[in-house]
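Okay, handing you the structure first.
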Amino acid sequence: MKQNNYIKEKRSMKMTMKLLGAAFFTVQLSFFVSSCDDMFEPADENTRQEDAMYEESAYAHGLLIYGYERLPYLTTTQTDIATDDAVTNLKSSSYLNMATGTWASDNNPMSQWDNCKNGIQYLNLFLANVDKVKWAPTAVSKQQMFTDRLKGEAFGLRALLYYYLLQAHGGYADDGVLYGVPLLTKPEDGSSNFNQPRATFADCVKQCYADCDSAMALLPADYQDIANNDEIPEKYKALGANYSNFNLVFGGKAKGLMSGKVAEAIKAQVALLAASPAFREQSGVTSAEAATLCANVLNRIGGMEGFDPTGNIWYKNKTKLDPSASEMPEILWREDRHKNADQERENFPPTLYGSGRVNPSQNLVDAFPMRNGLPITDPNSGYDPKNPYANRDPRLADDILYNGMTFRRSVIITGTYPAVNGTKTETDDNLNSISTSTRTGYYLLKLLRDDVSPQSSSLIEQQHIYPRIRYTEIFLAYAEAANDAWGPKNDPNGIGYTAYDVIKAIRQRAGLATNEIGMPLPEGDTYLEDCANDQTKMTSLIRNERRLELCFENKRFWDLRRWLLPLNETVKGMKIDRNEDTEELTYTVIDVEDRVFDNSYQMYGPIPKGEILKWSNLKQNKGWQ
């Protein structure tokens, strides 16, 4: 029988990792199973039987840890460089190559197939055995609490991994059916039939929903300590639990793990994906349902009352980034804090000892409106092409470093002329000056800390937070779905806020239609009010606000596809020349990079070609070879 490379990993594997402040677990795994193999090779060493985990809780817990390890969240800006929002100066980037014509079913940097399916197999194995493991054999209540929490975590993680598989690989096959991926909820072994067909997209959504519901039934909304036995849920109180043991399992030390609130947010994300134009015809999910599920998440923080007035610049809140700081109201779920200079080393301009990797596009810059809220294309906006950065949306200067801005006490010149910083003349930051210079005339600011120094001789590292789910994302998801279902200002189910309310709050937070001290302009946000009278205009506005608020957070590629918007918009930049006699600047928009996508079929990502060749029951998405 032929060995499948997808599963050709050592059966003996030492996993030592620190998970969200919990203790270290060193787990010797004697087997590694997968959903796509027809043969299992013996372990190289230390062969152990599966039932060994029943007596060794750390051994069993390693399976769940591996599910966390497979979380597909990116901690740096990567996929945006394959969209109209940015390019990279790293010519070897797989995302750059994909966007310029090499995307194929056997060359797919967006694939989640192996990573997520491996994680699901581990979680299925854990779920099949969790009830047999002795987590706390001397205390019935503690045993049940650990079993419930760990099982709930596994359900939530499995839903999340299926969500990412649907996002990356769901699509229409030649038979006109919208498919998801093979739906596996039991662990596979050497006797399993690996030639499984893809389940329908709708059935995959139902499974995600069921897993999220199971997680929510078993997990607390948040992990927090209780003060006395009266606060213990009746289920555990009846088993004799005390609050000390309850806190051990469900208390504050477990913060950062999969929780009921996180599972609820994942369910809302699945619903938004399924209700999007690319999937809604056969997904079985309506925009009204998606809006309601998003509202369920938001209502836990009081709806609009929980809207964070500084949520758009959470990454600048240095006091909250400190390890001893309390939670950020903007962050629903995050990866733990890390002290480093990695993102700054990658993205600072070369004169600040960075590699300038992510270069925002003119396309994105043009999407930021004027401070009065009007798009720059509106004749009444006041936009001046000879002074293009004046009176713009404040978020532009927060997120993007443009010509003439001062950053870390240095004036950054991205034009074609020299910059003078003190007595030192600099040209490395100029457009296309050296290999680490900007290709678009812009550098990245968002997510970076200005108090970091990546210079090796005077390295200064600082704490960073990597959000997995932000509340702003859920607010925007609600606005998108609610507007699609009911229109800008309608609230037929009495949720308490509308799509219009959300977008108004987001734009006011950004400082649009206000003066320099934050007071409303006399005319107000006229563009928002105009869009509020037209559902189609409101759709465009919501999508643009999502583009701005979530830029460089690896959302744009997936949003364009689920909205069925063109992937092949040419990426543009800004060339800025200076007249040496008059010192007048001339601004010229330039083409930087063509996007070579085929919109006729690449809205849906491929099933890996190797899997299609191996398994006859797997259908490929239409158009892919």
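What nm value, rounded to one decimal, do you get for the distance between Asp451 and Thr588 when each label is placed 7 Å out toward the C-beta?
Placing both labels 7 Å beyond Cα along the Cβ direction yields 4.3 nm.
Of Thr427, Leu528, Tyr466, which is farthest on the positive side of the dipole of region 421-528, counting Cα position, with +1 on Lys and Arg Cβ, -1 on Asp and Glu Cβ, and the Cα centre as origin?
Tyr466
When only the heavy atoms of the protein chains count and the probe is 1.4 Å, how do Lys206, Lys235 rank by accessible area, highest first?
From most exposed to least exposed: Lys206, Lys235.
Hey, another quick one. How large is ³J(HN,Hα) for each residue in region 324-333, as worked out from phi by the Karplus curve 6.51 cos²θ - 1.76 cosθ + 1.60 (θ = phi - 60°), to whole Hz, x for Gly and Pro?
So the J values, rounded to whole Hz, are 8, 6, 6, 5, 8, x, 7, 9, 7, 8.
Which whole-number percent is the relative contact order of the chain (Cα, under 8 Å, 6+ apart)?
17
For Thr498, what accessible area in Å² do you get when you roll a 1.4 Å probe over the heavy atoms of the protein chains, rounding to the nearest 10?
For Thr498, the solvent-accessible surface is approximately 10 Å².
On to the next question. I'd like the per residue volume of the convex hull spanned by the Cα atoms of the chain, given in cubic angstrom.
Roughly 173 Å³ of hull volume per residue.
Roughly what would the spin-label model give for Asn107 and Trp563, points 7 Å off Cα along C-beta, in nm?
2.9
As a check on your grasp of the helix formula, calculate [θ] at 222 nm for the chain: sum -39500 (n - 2.57) over DSSP H runs of n ≥ 4, divide by the residue count, round to the nearest 500.
Taken over the chain, the calculation gives -10000 deg cm²/dmol.
Using protein chains only and a probe of 1.4 angstrom, how many square angstrom of Arg408 are accessible, to the nearest 10?
Spelled out: Arg408, probe radius 1.4 Å, area about 60 Å².
Compute from the Cα atoms of region 436-558 the Rg and the Dmax, the latter being the longest Cα-Cα distance, and quote both in angstrom.
18.3, 61
Mind listing the Cα extents of region 42-152 along all three principal axes, in Å, largest one first?
Principal extents (Cα only, largest first): 60, 34, 20 Å.
Give me the orientation-averaged projected area of the Cα convex hull of region 311-372, in nm², one decimal.
The Cα convex hull of region 311-372, projected and averaged over all directions, gives 6.5 nm².
Further question on the same structure: What ranking do 134-143, 78-87, 396-405 get when scored by the average of other Cβ atoms within 10 Å per residue, highest first?
Those peptides, ordered most packed to least, come out 78-87, 396-405, 134-143.
To continue, here is another question. Using Cα-only point scatterers and the Debye equation, what is log10 of I(q)/I(0) for region 240-365 at each q in 0.11, 0.16, 0.21, 0.23 Å⁻¹, rounded to two decimals?
-0.66, -1.11, -1.22, -1.26
How are the Cα pair distances of region 511-560 distributed, in percent, across 10 Å bins from 0?
Whole-percent P(r) values from 0 Å outward: 23, 36, 33, 7.
Continuing with this model, one more query. Taking all pairs of distinct Cα atoms, average 1/r, flip it, and tell me the Kirkwood hydrodynamic radius of region 86-133 in Å to one decimal place.
Over region 86-133, the inverse of the mean reciprocal pair distance is 13.4 Å.
Within region 542-625, which GluC sites (Glu not before Pro) sit in a loop by DSSP and count at most 11 neighbouring Cβ atoms inside 10 Å?
The qualifying sites are Glu580, Glu583, Glu584.
If you line up the Cα atoms of region 141-285 on their principal axes, what length do they span on each, largest first, in Å?
Computed over region 141-285, the largest-to-smallest principal extents equal 60, 39, 23 Å.
Count the net charge of all other residues whose Cβ sits under 13 Å from the Cβ of Met370, scoring Lys and Arg as +1 and Asp and Glu as -1.
-2
Here's a follow-up. Kirkwood hydrodynamic radius, region 351-429, all distinct C-alpha pairs: what's the number in Å?
14.0
Where the only charges are on Cβ atoms (+1 Lys, Arg; -1 Asp, Glu), what is the dipole of the chain about its Cα centre, to the nearest 20 debye?
Here the size comes out at about 1100 debye.
Kirkwood Rh, region 391-448, all Cα pairs: how many Å?
Mean inverse Cα-Cα distance, inverted, gives 11.8 Å.
Taking θ = phi - 60°, what integer Hz values does the Karplus form 6.51 cos²θ - 1.76 cosθ + 1.60 yield along region 303-317, in sequence order, with x for Gly and Pro?
These are the phi-based 3J(HN,Hα) values: x, 5, 5, x, 5, 7, x, 10, x, 6, 10, 4, 6, 9, 7 Hz.
Let me ask something additional. Starting from the 7 Å offset along Cα-to-Cβ, what nm value, one decimal, do you get for the label separation of Glu580 and Tyr601?
5.5
Given region 275-335 reduced to its alpha-carbon atoms as identical point scatterers, what log10 I(q)/I(0) does the Debye formula return at q = 0.19 Å⁻¹?
Once normalised to I(0) and log-transformed, intensities are -0.81.
Please report, in whole Å³, the volume per residue of the convex hull around the C-alpha atoms of region 139-194.
107
Say R0 is 60 Å: what FRET efficiency, to the nearest 0.05, do Thr570 and Glu231 get from their beta-carbon distance?
0.50
The values are calculated or read from the model by the stated rules, or taken from the named source; none is laboratory data. Just so we're clear, the structure is a prediction, and the values are computed from it rather than from any experiment. Neighbour counts are summed over all protein chains in view; Cβ atoms, including those assigned to glycine, are modelled from backbone coordinates with ideal geometry. The accessibility values were calculated without ligands, DNA or RNA, using every heavy atom of the protein model including side chains. Shrake-Rupley method; radii C 1.70, N 1.55, O 1.52, S 1.80 Å.
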